[in-house]
Amino acid sequence: MDKLIINGGKKLKGEVSVSGSKNAALPIFVATILAGGKFEISNVPFLRDINTTIKVLESLGATIEGNGNIVKIDTTNVNNVEATYDLVKTMRASVLVLGPLLARHGRARVSLPGGCAIGARPIDQHLKGLKALGAEIRLEHGYVEATAKQLKGARINFDVPTVGGTEHLMMTAALAKGVTLLENAAREPEIVDLANMLNLMGAKIEGAGTDNIRIEGVEKLSAIDYRVMPDRIEAGTFMIAAAITGGDIKISNMQLEHLDALVFKMQDAGVEIINKDGFVRVKGPKKLKSINIKTRPYPGFPTDMQAQFMALMCLADGASVVAENIFENRFMHVSELLRFGADIMIDGRSATVKGVKKLSGAPVMATDLRASASLILAGLAAEGTTEITRIYHLDRGYESIEKKLAALGADIVRVKE
Ligand code: EPU
């Protein structure tokens, strides 16, 4: 197993380019099974979750070839309609194949994902939507078995705005007969990216990016080429890396407008952010101000940036309150941040972070993807050496992060244990 060793205290400088978005690429890969044919997907990040998605698609009968950040997917022979426990337990997003398989083949059998480190993460809203479209759903032996002769458009009102649920039903309804309305839909940019791809394939989707999405079902979709949007969470993580080290970096291949909630909070904390000439320049202040955040569905503050922002607040002047409203167990990084000398108290879904003068490097353990990122950030700012183990979590969602940070002047290496 690999680990990361960081010698902190280096101010980051230079330029870094953001990779393609993990959370956009995953549903985009799944959407290829809605049509039989040859797709070419570009700007694909090199990640463990992408490998898992490739395995899922291959298990369904797709043929896949990768060349750098371009992946060719041939879905002509997707004839298997079952996604096994082994694959779904490795990555929850695999469950998104259920509706598309059902829409194309009239039946599907997909393992029910179990719990997750950051929360229970049920899929009741996905299943409610599929039922509304006319699917018969049975839960047996840990699997969801779905059948439908012909899916029919319906009005679906989500109890909570769910990213995966919105993507799942948008894909499925694209091949249903008639019009589907998704109300209280999630509005994340990754949903817009998926809708753009589906529309290029021949779907008729309007309103993606708002909480009301209208989908007029079509009979058939076709294979296309598509470029995945940049990863806004990777970009946000670099922005905090600059801020926490008092550095000055330029970030390319990012869409700053996807990070408005983060940008406002970072500016309030004293960080300078300039969007000019195709780059986003981020300059850390001498002293950070403490700022409260509450995670919310997009366009609110992203839960996927909560752990990283908390690392930043550990070094701010004064106390800040970080409230996590999306997932019930997304504070696992707190006990690891304490090992750096941070001062944090959790009370239910809020954590009070009292800024300290300095963090000191320590051996810590990564517990989930974004928690791992927050430990790297703390390590970059801390005095002395930090050793982060269990970084397989990190490899799920950040492409070559240690190489990108090292190119910015960080002293960070990956070693085999
Ligand atoms: N929820 C339900 N029922 C459902 C679906 C969701 O109660 O049927 C609840 C969840 O338990 C959660 C809330 O709704 O409390 C939001 O969950 P959502 O469905 O939006 O999350 P997701 O689609 O499972 C995606 C990202 C996550 C990101 C969340 C929130 C992908 C592959 N994953 O998950 O990304 O945190 O949206 O923005 O897109 C990550 O990249 O580190 C990550 C965890």
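The values are calculated or read from the model by the stated rules, or taken from the named source; none is laboratory data. The shown structure was predicted, so the numbers you read here are calculated from the model rather than taken from an experiment. Cβ sites come from the backbone with ideal geometry, for glycine too, and all protein chains shown count toward neighbours. For the accessible areas, the whole protein counts, side chains as well, though only heavy atoms, and no ligand, DNA or RNA atoms are used. Shrake-Rupley method; radii C 1.70, N 1.55, O 1.52, S 1.80 Å.
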Among GLY361, SER372, VAL322, pick out the residue whose Cα is farthest towards the positive end of the charge dipole of the stretch 313-382, where Lys and Arg carry +1 and Asp and Glu carry -1 on C-beta, about the Cα centre. GLY361
Based on the Kirkwood radius over alpha-carbon pairs, what is the Stokes-Einstein translational diffusion coefficient of the chain at 25 °C with 0.890 mPa s viscosity, in µm²/s? 112 µm²/s
Under a point spin-label approximation (7 Å from Cα along Cα-to-Cβ), what is the HIS105-ASP317 distance to one decimal in nm? 6.2 nm
In the stretch 129-184, what percent of the accessible surface is made up of carbon and sulfur (1.4 Å probe, ligands and nucleic acids excluded)? 50 percent
Which pairs break 27 Å Cα to Cα here: LYS22/LYS354; LYS286/LYS404; LYS3/LYS72; LYS283/LYS416? LYS22/LYS354; LYS3/LYS72; LYS283/LYS416
With unit charges on the beta carbon (Lys/Arg positive, Asp/Glu negative), name the residue among HIS105, GLY153, ALA173 whose Cα is farthest towards the positive pole of the charge dipole of the stretch 37-175. GLY153
If I take every Cα pair under 8 Å that is 6 or more residues apart in the stretch 22-227, average their sequence separation and divide by the length, what percent do I get for the relative contact order? 21 percent
Only helical DSSP H runs with n ≥ 4 go in: add -39500 (n - 2.57) per run for the chain, normalise by residue count and round the 222 nm mean residue ellipticity to 500 deg cm²/dmol. -9000 deg cm²/dmol
Report the calculated FRET efficiency for ARG296 and MET1 (r = Cβ-Cβ distance, R0 = 41 Å), to the nearest 0.05. 0.70
Helix 48-60 sits off the longest principal axis of the Cα atoms of the chain, rounded to the nearest 10 on a 0 to 90 degree scale, by 10 degrees
Could you give the length gained by full extension between GLN267 and LYS204, i.e. 0.36 nm per residue of separation minus their alpha carbon distance, to one decimal place? 18.8 nm
Taking the solvent-accessible surface of protein heavy atoms with a 1.4 Å probe, what is the per residue accessible area of the chain in Å²? 40 Å²
With the radius of gyration and the Kirkwood radius both derived from the Cα set of the stretch 22-227, what is their ratio Rg to Rh? 0.92
Ratio of the Cα radius of gyration of the stretch 269-417 to 2.2 N^0.38 Å, where N counts its residues: 1.02
Inter-label distance, nm, simple model (7 Å from Cα along the C-beta direction), SER400/GLU183: 4.8 nm
So for R0 = 30 Å, FRET eff. of LYS152-ASP124 from the Cβ-Cβ r, to 0.05, ends up at 0.90
Along Cα→Cβ, 7 Å out, is where each label goes; now give me the distance between the ones at LYS11 and ASP248 in nm to one decimal. 0.7 nm
Let's see if you can work this out: charge +1 on each Lys and Arg Cβ, -1 on each Asp and Glu Cβ, no other charges. What is the dipole magnitude of the chain about its Cα centre, in debye to the nearest 20? 300 debye
Note down the magnitude of the dipole of the stretch 22-227 about its Cα centre, charges +1 on Lys and Arg C-beta and -1 on Asp and Glu C-beta and zero elsewhere, to the nearest 20 debye. 320 debye
Quick one: length gained pulling LYS289 to SER350 fully straight, 0.36 nm per residue minus the C-alpha distance? 20.1 nm
Here the equivalent ellipsoid of the stretch 1-100, derived from its Cα gyration tensor, has semi-axes (largest first, whole Å) of 31, 17, 11
Given that compact globular proteins tend to follow 2.2 N^0.38 Å, what is the ratio of the alpha-carbon Rg of the stretch 314-400 to that value? 1.06
Principal semi-axes in Å for the stretch 281-357 [√(5λ), Cα gyration tensor, largest first]: 19, 16, 10
Between GLU387 and ASN329, the FRET efficiency computed from the C-beta separation at R0 = 35 Å comes out, to the nearest 0.05, as 0.90
Of ASN67, ASN212, ASN196, the most mobile residue in a GNM of the chain (C-alpha springs, cutoff 10 Å) is ASN67
Taking only the alpha carbons of the stretch 176-293, the radius of gyration and the largest Cα-Cα distance, Dmax, both in angstrom, are 18.6, 59
Could you give me the radius of gyration and the Dmax of the stretch 107-187, taking only the C-alpha atoms into account and expressing both in angstrom? 12.7, 39
If you average 1/r over every pair of different alpha-carbon atoms in the stretch 88-150 and take one over that average, what Kirkwood value in Å do you get? 11.9 Å
